[in-house]
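Notes follow once the structure below has been shown.
The values are calculated or read from the model by the stated rules, or taken from the named source; none is laboratory data. Every value quoted in this text rests on a predicted model; they were computed, and no experiment measured them. When we count neighbours, we look across all protein chains shown, and the Cβ atoms used for this are built from the backbone with ideal geometry, even at glycine. Only protein heavy atoms, including side chains, enter the accessible area calculation; ligands, DNA and RNA are left aside. Shrake-Rupley method; radii C 1.70, N 1.55, O 1.52, S 1.80 Å.
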Amino acid sequence: MVKTFVHYFLHFVFPVFIALIFYRENWKKTYLIFLATMLVDLDHLFANPIFDPDRGSIGFHFLHSYYAIAVYFLMLFFKGNIRIIAIGLLFHMLTDFQDFYCWNP
């Protein structure tokens, strides 16, 4: 139960704080962009089964691959919305990483 709470807190609540701290003037728009980066999870629909609690997303799903993460990192060097998208995607990857590797024995 704690694992699930932490996972969804990091996906939906913590990004508000990131937006407020780093993008105070446009925090609502920034937060909405962060929420839109959740669409990266659509790649789960191509897996069989779609959800497997014993499978880590990082390195398995194509939008969660190390190549995709490298592209998200490179996007940090752009300005504007591209950088905000990159931050949202990288934070999403970090959340998925901790969800599997920090909670599973």
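Miscellaneous remarks
- Every residue from region 40-70 that is assigned to a helix (DSSP H, G or I) and surrounded by fewer than 12 Cβ atoms within 10 Å (Cβ to Cβ): LEU42, LEU45, PHE46, PHE62, TYR66, TYR67, ALA70
- As a summary of the residue check, VAL6 satisfies the conditions (1) under 14 Å from the mean Cα position of the chain (by Cα); (2) under 18 Å from LEU89 (Cβ atoms); (3) assigned to a helix (DSSP H, G or I) except for the one numbered (2).
- First in region 40-61 and farther than 20 Å from CYS102 by Cβ, second anywhere and basic (Lys, Arg), Cβ under 8 Å, 6 or more apart: ALA47/ARG55
- Qualifying residue in region 13-31 (condition: open to solvent by 30 Å² or more (accessible area, probe 1.4 Å) and among the small types (Gly, Ala, Ser)): no
- Among the conditions (1) of a type outside the set (Ser, Thr, Tyr); (2) within 13 Å of the chain's Cα centre (by Cα); (3) open to solvent by 70 Å² or more (accessible area, probe 1.4 Å), LEU89 misses just one, which is (3).
- Selection of region 92-105 for residues being hydrophobic (A, V, I, L, M, F, W, C), assigned to a helix (DSSP H, G or I), open to solvent by 50 Å² or more (accessible area, probe 1.4 Å) and farther than 18 Å from ILE33 by Cβ yields only PHE97.
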